[in-house]
Amino acid sequence: MRSPLVVFCLALAACASPAPKVEMPTIAPLSDTLPPMRTFGAPQPLPARRSNAEMARDFLDLSFAMESGEPLRVMSRFEGPITVALRGSVPKTGKQDLDRVLARMRNEAELDIRRTTEPADVTVEFVPARQLRDLAPEAACFVVPRVSSFAEYSQNLTSRDLDWTTLTQREKAAVFIPADESPQEIRDCLNEELAQSIGPLNDLYRIPDTIFNDDNFVNVLTGFDMLMLRIYNAPEMRSGMTREEAAQIVPQLLRRFNPSGEFSAPATAPETPRKWVRAIETAFGPNADDSGRLRAAQRALRIAQSEGWTDSRLGFSWFAVARLSLDTDIPAALEGFINAARVFRTLPDGDIHAAHVDMQMAAFALSTGQVDGALLLTDAAIPVARASENAGLLSTLLMIRSEALRLQGDDAGSKAARLESLGRGRYGFRDDDDLRTRLAEVEALAPLF
């Protein structure tokens, strides 16, 4: 299940004290004609960088438990070639993005998987977001076993057949994705839910370099994810296998598939207590008011500190406090972002996490007239956003950079950054109105000296 946690935002317009206003030349206002949508070229997936010993434990924890923490007695999977079909109001980018992720699964995870027409092993159905929220308000998109349509799912909500814990082998599954979200959100759902339909079902906050993590910093399948899918569907593995049986085989497969991971490493991070997960879910969920969400984020931070964590969970706790302090306590927000960045920059796979913080700090730098700081921060974050295929983040970074360059008098550089930001934004934002709104927010940050 892809969580609707929002880790991508911009809410720093009120940070700066009003600056003296002096007329400056400005770029012409955004016209009704936008540039074509810009997507991404050849994938640049994050490689699997941790030791095989760590990743063996990760595989077992991902494969033998649900996101709720409920254990799975045995693993289930599709046996044989896997087919995938599209259903419903398929968005313009849906078929292309599905074909792209399927090609990656074939090339990187060596899976026998292809798109076909219905009936198929996995049916991807596009459904209006409102209908999805009515049945699953805490999920942006999700996958369900033993059904092939949203209608079939809706008619069997209380059936035990929809319980993954009752499976010993997968024969069909349905992925439900909102049809009216941004192309990027649709692509992200395709990556995560399709991976869970044919692979591990769990999400783990302690693993940063994966789409199997509900913090949603990672948008597309990584090298680690492809390695997990390759092991999950390897001939040596099988449906009905217990954790103990898998534990005998997985290290052998890792040695064969990932020989560079055969090195010693410090002990892996401890388990994540459910009280921290509940605090994070409350902080970013729909069931609390603003003050309740902030208190939940502060509670998550206290838990992370008391657990002695130094990994991405501590960074995410600081990030949550910062995000939820923006409207009421700017010093606390800045402290949170600084501490989050400090944690993320110590992690070998924390680049995209740090880039989200850099965007926030670049926006603040722009709003306070620190143009050089805004440019330095966007310089660091833009390549990471590109490599991670995060069009929404990339678009906003380019908008900030455009305004900073304009303030420096570099009109040509400003216009180039603005043009790319609009092309990227047409993929990263839900529609052109949302894109225009984001551009107006960024433009409002820039002081008039």
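Taking (1) touching a helix residue (DSSP H, G or I) at 6+ places or on another chain (Cβ under 8 Å); (2) farther than 20 Å from Asp358 by Cα; (3) in a helix (DSSP H, G or I); (4) not aromatic (Phe, Trp, Tyr) in turn, Thr328 satisfies each apart from (3).
Identification of strands (runs of 3 or more DSSP E) wholly contained in region 99-164 with 3 or more residues that are among the aliphatic types (A, V, I, L, M) and more than 20 Å from the chain's Cα centre (by Cα) yields no element. Applying the criterion of being hydroxyl-bearing (Ser, Thr, Tyr) and under 19 Å from the mean Cα position of the chain (by Cα) to the residues of region 273-314, the residue that is farthest from Ala56 (Cα to Cα) is Thr282.
Residues that are in contact with a helix residue (DSSP H, G or I) (Cβ under 9 Å, 6 or more places away or on another chain) and within 30 Å of Thr39 (Cβ to Cβ) number at least 3 in the following helices (runs of 4 or more DSSP H) confined to region 205-317: 223-232. Candidates Thr123, Thr117: the one that is closer than 29 Å to Ile231 by Cβ, among the β-branched types (Val, Ile, Thr) and without any contact (Cβ under 8 Å) to a residue 60 or more places away in the chain is Thr123.
Scanning region 387-437 for residues that are touching a residue at least 60 places away in the same chain (Cβ under 8 Å), touching a Leu at 6+ places or on another chain (Cβ under 7 Å) and surrounded by fewer than 18 Cβ atoms within 10 Å (Cβ to Cβ) turns up Asp432, Arg436. Counted as qualifying within region 357-447 are the helices (runs of 4 or more DSSP H) with 2 or more residues that are of a type in the set (Val, Ile, Thr) and either in contact with a helix residue (DSSP H, G or I) (Cβ under 6 Å, 6 or more places away or on another chain) or at pLDDT 95 or above (or both), namely 371-387, 391-408, 432-445.
Within 23 Å of Asn202 (Cα to Cα) and surrounded by fewer than 15 Cβ atoms within 10 Å (Cβ to Cβ): is that true of Thr328 in this structure? Considered against the rule, which asks whether it is within 23 Å of Asn202 (Cα to Cα) and surrounded by fewer than 15 Cβ atoms within 10 Å (Cβ to Cβ), Thr328 comes out as no. Checking each residue in region 165-204 for being in a loop (DSSP other than H, G, I, E, B) and either free of Cβ contacts under 8 Å to residues at least 12 places away in the same chain or basic (Lys, Arg) (or both) picks out Arg170, Lys172.
The values are calculated or read from the model by the stated rules, or taken from the named source; none is laboratory data. Bear in mind the structure is a predicted one, so any value in this text is a computation, not a measurement. As a convention, Cβ positions derive from the backbone with ideal geometry for all residues, glycine included, and neighbour counts pool all protein chains shown.
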